Amino acid sequence: MKILVIGNGGREHALVWKIAQSEKVTHIYCAAGNGGIQSIAECIPIKSTDIKALLQFAIQNKIDLTIVGPEQPLTLGIVDLFQQHELNIFGPSAKAAEIEGSKVFAKNLMKKYGIPTASFESFTAVADAKAYITDLNQPCVVKADGLAAGKGAIVCPTLQEALTAVDTIKNELGAAGNSIVVEEMMEGEEASIFAVTDGTNYILLPAAQDHKRIFDGDRGKNTGGMGAYAPAPVMTSALLDRVKEEIIEPTILAMANEGRLYKGVLYCGLMLTPGGPKVVEFNCRFGDPECQAVLPLIKSDIVDMFLSVVNQNINSYKLEVHQQSSVCVVMASGGYPDLYEKNKEISGLDRMTGENTLIFHAGTDLINGKVYSSGGRVLGVTSYSEHLSDAIKKAYRAAEQIHFDKAYFRKDIGYRALRN
Ligand code: AMP
Ligand code: GLY
């Protein structure tokens, strides 16, 4: 089979790496890929948002299956477009992807179907949002309705922060901030669950925990994610049963009921509150960097999993999982998530191969045999082992071997799970 993977980050490197293990696969293309993906897939210079060019490429190259990594092409309707041309593609339709593309849609869906989430109101006028926040006068979270690349949610412990957050979203996020959601602030540990669904049935991949803040101890600004581990011990089987019954099953049903059959991976970002698990957000794709931690744990053929979703028979897929733990430490450019410098040469990438360690590239370029940084999140150093503590040690040992000017990574990825 000829496979096309769309995207250019660490998540896509992990997808390509896992897909390459399938005996069914003869060739992998990646649009646009990065400096690491290039060693296992043929990278083609088409942007993930240029869905018409991607369609042409898939037709011309007789692609058997396309896997979409990021959310933008999904919300732009790449799945609808490919299906109109009878091409196999893994991911939700534009209408289904709205579960991530519009927070107002997702919140209203949850409200309508009684799916537990933070209470909220949505606004289009700044003055109305501010009046509500002033009246509420309690810690809240201010969110942009649309896609904002991880910058769309501002956690506001104080009234003043919340009022400022409204202006920030309106002034800095363009159309994504046309509507604003103001939510109750929830307390608890977070977990990310991936339900792979054909629209009716589903399977769950190992639960993961992301580390969204830039600094150790979950301090500082939110980022795309600074590291992740899986499985997350906080997600006990009793809790998981609740999540299935109260969140995943009703959401899949609700989407079908709304005429938005959801096929693909439904990422449930959860807050495990004292009152039970509640939805923080839904995403219409794999999480990044959770994907880098989760995929090494999967033993079975992932191409079969994608095909079973496309063919609407996920129940025929036998998911097999390694009984191990995995951790991904993100190495970022100094300064991220604010301004940072790029084009730094990276050394030490070959030093840890063979020790159950994988270096997934996120923002890198390969130029004349040398690897350079090209983004905020640069690498996802991933190790797996029978014990999480050992996986953490291995990942950090590998990260210490890798150097580029102003490289930054958190030193506490996975530690919370060891304390529990
Ligand atoms: P989101 O973009 O909705 O995923 O939010 C990004 C991050 O903000 C989440 O992972 C949480 O850490 C935090 N967050 C979002 N909504 C809430 C909420 N209602 N209560 C507390 N924290 C939240
Ligand atoms: N790691 C969070 C996300 O992918 O949205």
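The values are calculated or read from the model by the stated rules, or taken from the named source; none is laboratory data. Computed from a predicted model, the values in this text were never measured in an experiment. Don't worry about glycine lacking a Cβ; one is built from the backbone with ideal geometry, like all the others, and counts go over all protein chains shown. We work out accessible area using only protein heavy atoms, side chains counted, and drop any ligands, DNA or RNA first. Shrake-Rupley method; radii C 1.70, N 1.55, O 1.52, S 1.80 Å.
Things worth noting here:
The rows are residues; the columns are (1) within 30 Å of GLN323 (Cα to Cα); (2) modelled with pLDDT of 95 or more; (3) within 14 Å of the chain's Cα centre (by Cα).
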residue	(1), (2), (3)
LYS170	no, no, no
ILE180	no, yes, no
MET226	yes, yes, yes
TYR229	yes, yes, yes
ALA232	yes, yes, no
ASP241	yes, yes, no
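- Comparison of LEU76, LEU65, LEU15 shows that the only residue that is open to solvent by less than 10 Å² (accessible area, probe 1.4 Å) and away from ligand 2 (no atom under 16 Å from the Cβ) is LEU65.
- Candidate set: the stretch 302-314, residues that are closer than 21 Å to GLU23 by Cα and open to solvent by 10 Å² or more (accessible area, probe 1.4 Å); chosen: the one nearest to ligand 1 (Cβ to nearest atom): VAL310
- When every residue of the stretch 93-116 is checked against the conditions, at least one turns out to be away from ligand 2 (no atom under 16 Å from the Cβ), assigned to a loop (DSSP other than H, G, I, E, B) and open to solvent by 50 Å² or more (accessible area, probe 1.4 Å).
- For the stretch 304-324, the criterion of being farther than 30 Å from LEU261 by Cβ and free of Cβ contacts under 8 Å to residues at least 24 places away in the same chain is satisfied by no residue at all.
- Scanning the stretch 281-301 for residues that are surrounded by 21 or more Cβ atoms within 10 Å (Cβ to Cβ) and either part of a loop (DSSP other than H, G, I, E, B) or among the β-branched types (Val, Ile, Thr) (or both) yields CYS284, ARG285, PHE286, GLY287, ASP288, PRO289, VAL294.
- Verdict on THR164 being of a type in the set (Val, Ile, Thr), away from ligand 1 (no atom under 12 Å from the Cβ), open to solvent by 20 Å² or more (accessible area, probe 1.4 Å) and over 22 Å from the mean Cα position of the chain (by Cα): yes
- When ASP50 is tested against (1) of a type in the set (Asp, Glu); (2) open to solvent by 30 Å² or more (accessible area, probe 1.4 Å); (3) touching a Lys or Arg at 6+ places or on another chain (Cβ under 6 Å), only condition (3) is not met.
- Residue match in the stretch 183-203 (condition: free of Cβ contacts under 8 Å to residues at least 60 places away in the same chain and more than 12 Å from ligand 1 (Cβ to nearest atom)): no
- Positions within the stretch 196-222 being of a type in the set (Asp, Glu) and touching a strand residue (DSSP E or B) at 6+ places or on another chain (Cβ under 7 Å), in sequence order: ASP210
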